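Trainee: Here's a structure for you.
The values are calculated or read from the model by the stated rules, or taken from the named source; none is laboratory data. None of these values were measured; they are calculated from a predicted model. Glycine also receives a Cβ, built like all others from the backbone with ideal geometry; neighbour counts cover every protein chain displayed. Quick note on the areas: whole protein, heavy atoms, side chains included, nothing else; ligands and nucleic acids left out. Shrake-Rupley method; radii C 1.70, N 1.55, O 1.52, S 1.80 Å.
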Amino acid sequence: MKTKVVVVFGGVYSSLGKGIVASSIARILTEFNYKVSVMKFDPYLNVDPGTLSPLQHGEVFVTQDGGETDLDLGSYERFLGRKITKLSTVTSGKIYKEVIDREREGGYNGKTVQIIPHVTDHIKSKIYKIIEAESPDFLIIEVGGTVGDIESIPFVETLAQFRGEYGRDEVLFILCSPLILVQTSGELKTKPTQHAVKTIGNMGIVPAMLVLRSDVPISKSTIEKVSSLCHIPFENIFKSMDLPSVYYLPTELFKQGILDSILKYFGLTKPSGSLTKWNNYIRKIKNIQSSIKICMVGKYNELHDSYYSLVESLKLAAWELGKNINIEWINSENLEKPNANLKSTFKNIHGIIIPGGFGSRGIEGKIKAVKYARENNIPYLGICYGMQIATIEFARNVLGLANANTTEIDPNTEHKIFHYIDGRMRLGEQQCNITKKQSLAYQIYNTEQIFQRHRHRWEFNNTYLPIFEKSGYSFTAFSNDNQKTVEMIEIPSHPFFIGVQFHPEFNSWPGKPDPIFLGFISAALKDQRKNLKKHAIKDK
């Protein structure tokens, strides 16, 4: 079967959940035994989001082959249940850079290089490349930004051209658009969606389907109105309502008949398969009543999407253990204030996480949080920078190495606990070897070799390893290049104190969270039960 291409656009404004809609369609098709690939077109001029602040664009997701990408690619992986590659991410910056590089090398034979055809042809080449490399039954393409944005015009033009040359019946356009609630009248306004359909139509794209976004119920008459005014069949208009979890959306869209509409558009008959397994997973989530409280000590807390994959990993692990999760967001800078009361801050908290990050802002507050977790036996998980912070805290407060630091923060520190080895950024999936079988690390992963994704420059200074080990700080996993890089640390005398140099949150999928999150949530549940028992005895 020739690869069928489904393109998802967004109208009116951003943050409509286009990525979740695209991911949900991918999941439904996967459950019916189709091979599905995904792509994300991002209109910004950054070559990739690696240099973007998480507060600008959310987390930087890392693919197994080392691509620094938009967080939507993490959603694709979680919904598909498999790893994807750099082929799935395209930015305007990457396209323009490659076109200009080719022009500088004389690759256009003296021609005037223009948006059409050179930029659009180069974008099309990316589509053909992933189709050739992966041979999917379906390719889902999400176009970032909003229809009408000046920076996304080359992508929209490319897709209009692509449909013409690839086959008009082989490409399906879907537009996600909101219905706007007027609070004073309680009326859902369809005019913005009408304008979005008209705008994209003027650019050569005629959507065959609509996904309407709303936080209130959408009546049949409203859908009929949209159908009539936008010239889209009633049965091809779907609803994406506010839901308790993004993982509910495949079930909701399937119930509304989106699979039937997609197959009908492409002239395909429904194959064997069902959404039973996915629905059972959703039913399990819905039946969970109790929760566990975890504290996230970060510095990008103003935008929770900065830690999107980590939050999802915690949810997925908690659900496996029959719990919901409540996250207490603590800005590490607030812990640096003279009047900061750590005992009050961490009251009723059953686990503390310090996630990845870069830079000096808030580091001293993070060190205080680690110290509190270590001294009060609160389960602690440090990820990437969080592992480094934990190690620096131990150096200062246990080993007595005053002003111990990472050279990222203080290049002239006397005790360079973490240093910049060779000027490289370690990116992508790499092998880690767990070297101590009598360790929490081995207990969690139950194997000596694990494969995890990385995104860091600074690494532990191994000359300090003996003094740490002598004082009860254990290094339990190393990189596969002659044990050059420390990958995991722990404190055996602590109920659960572990740090990892890698990013396990990029390896968590529904029904299959990374084991370290299961271990952390299990430890937090033990802490919760311990405290409940302690309070019960006190009350008696």
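Trainee: If you rank D48, D72 by how much accessible surface each has, with a 1.4 Å probe, what is the order from largest down?
Mentor: Working: D48 50, D72 25 Å².
These residues rank, largest area first, as D48, D72.
Trainee: List the GluC sites (Glu not before Pro) within segment 444-540 that DSSP assigns to loop and that have no more than 16 neighbouring Cβ atoms inside 10 Å.
Mentor: Those that pass, being in a loop and sparsely packed, are E448.
Trainee: How much solvent-accessible surface does L249 expose, in Å² to the nearest 10, with a 1.4 Å probe and all protein chains in place?
Mentor: 10
Trainee: What spacing in nm lies between the two simple spin-label points modelled at E235 and N446, each 7 Å away from Cα in the Cβ direction?
Mentor: According to this spin-label approximation, the distance is 4.8 nm.
Trainee: Please arrange D422, D527, D149 by accessible surface area, largest first, computed with a 1.4 Å probe and ligands excluded. Can you show the working numbers first?
Mentor: Details: D422 80, D527 10, D149 50 Å².
Of D422, D527, D149, the descending order of accessible area is D422, D149, D527.
Trainee: Within segment 1-104, what whole-number % of the accessible surface is contributed by carbon and sulfur, with the 1.4 Å probe and all protein chains included in the calculation?
Mentor: Ligands and nucleic acids excluded, carbon and sulfur reach 49 percent.
Trainee: While we're on this one: Per residue, how big is the convex hull of segment 345-401 when only Cα atoms are used? Give it in Å³.
Mentor: Spread over its residues, the Cα hull of segment 345-401 gives 76 Å³ apiece.
Trainee: Per residue, how much accessible area does segment 3-117 show when a 1.4 Å probe rolls over the protein heavy atoms, in square angstrom? Walk me through the intermediate numbers first.
Mentor: Numbers: 4260 Å² over 115 residues.
Using a 1.4 Å probe on heavy atoms only, each residue of segment 3-117 averages 37 Å².
Trainee: Using every alpha carbon pair in segment 382-497, what percent of pairs falls into each 5 Å bin from 0 up to the bin containing the largest distance?
Mentor: The distribution over segment 382-497 is 2, 11, 22, 25, 21, 13, 5, 1, 0, given as percents.
Trainee: A follow-up question, please. In units of 2.2 N^0.38 Å, what is the alpha-carbon radius of gyration of segment 148-221?
Mentor: Working: Rg = 14.8 Å, N = 74, 2.2 N^0.38 = 11.3 Å.
Ratio of Rg to 2.2 N^0.38 Å for segment 148-221: 1.31.
Trainee: Tell me the Rg and the Dmax, in Å, that the Cα atoms of segment 189-263 produce.
Mentor: Spelled out, the Cα radius of gyration and Dmax of segment 189-263 are 12.7, 36 Å.
Trainee: Helix-only mean residue ellipticity at 222 nm, the chain, DSSP H runs n ≥ 4 weighted -39,500 (n - 2.57), per residue, nearest 500. What is it?
Mentor: One gets -11000 deg cm²/dmol as the mean residue ellipticity at 222 nm.
Trainee: From zero up to wherever the largest Cα-Cα distance of segment 302-378 sits, split into 10 Å bins and tell me the percent of pairs in each.
Mentor: That works out to 16, 46, 33, 5, in percent per bin.
Trainee: Using θ = phi - 60° and the Karplus form 6.51 cos²θ - 1.76 cosθ + 1.60, what ³J(HN,Hα) does each residue of segment 204-218 get, whole Hz, x for Gly and Pro?
Mentor: In residue order, the calculated couplings are x, 10, 10, x, 8, 9, 10, 10, 8, 9, 7, 9, 10, x, 10 Hz.
Trainee: When you have a sec, figure out the Kirkwood radius of segment 255-310 from all distinct Cα pair distances and drop it here in Å to one decimal?
Mentor: This gives a value of 15.8 Å.
Trainee: Follow-up question, since we're still on this one. Set the bar at 20 Å for Cα to Cα. Now go through K83/K264; K4/K129; K299/K337; K220/K284; K18/K94; K86/K124 and name every pair that lies beyond it.
Mentor: Correct reply: K83/K264; K220/K284; K18/K94.
Trainee: Could you give the distance between the Cα centres of segment 1-32 and segment 233-247, to the whole Å?
Mentor: 12
Trainee: Karplus couplings for segment 409-414 from phi (6.51 cos²θ - 1.76 cosθ + 1.60, θ = phi - 60°), rounded to Hz, Gly and Pro as x?
Mentor: Listing the rounded values in order: 8, 9, x, 9, 4, 5 Hz.
Trainee: How big is the accessible area of R283 in square angstrom, nearest 10, if you roll a 1.4 angstrom probe over the protein chains?
Mentor: Result for R283: roughly 130 Å² accessible.
Trainee: Would you work out the charge dipole size for the chain about its Cα centre, treating the Cβ of every Lys and Arg as +1 and the Cβ of every Asp and Glu as -1, and quote it to the nearest 20 debye?
Mentor: It works out to roughly 1660 debye.
Trainee: To continue, here is another question. Go from 0 up to the bin containing the longest alpha carbon distance in segment 432-540, width 10 Å each, and give me the % of pairs per bin.
Mentor: 13, 40, 29, 12, 5, 0
Trainee: A further question on this structure: If you roll a 1.4 Å probe over the heavy atoms of the protein chains, what accessible area per residue do you get for segment 332-402, in Å²?
Mentor: 36
Trainee: In nanometres, what is the gap between the two model label sites at E469 and Q438, each 7 Å from Cα along Cα-to-Cβ?
Mentor: About 1.4 nm separates the two model spin labels.
Trainee: Of the accessible area of segment 418-540, with the probe set at 1.4 angstrom, what percent is carbon plus sulfur?
Mentor: 51
Trainee: Could you work out how far helix 18-31 tilts from the main Cα principal axis of the chain, as a 0 to 90 degree angle to the nearest 10?
Mentor: On a 0 to 90 degree scale, this one is about 90.
Trainee: Once Rh for the chain is found with the Kirkwood sum over Cα pairs, what is the Stokes-Einstein diffusion coefficient at 25 °C and 0.890 mPa s, in µm²/s?
Mentor: 97
Trainee: Of all DSSP beta bridges in the chain, what percent run antiparallel (nearest 5)?
Mentor: 35
Trainee: Just round it to a whole percent: the fraction of Cα-Cα distances in segment 12-63 exceeding 12 Å.
Mentor: Here the long-distance tail beyond 12 Å is 75 percent of all Cα pairs in segment 12-63.
Trainee: Can you give me the orientation-averaged projected area of the convex hull built on the Cα atoms of segment 1-158, in nm²?
Mentor: Result: 9.8 nm².
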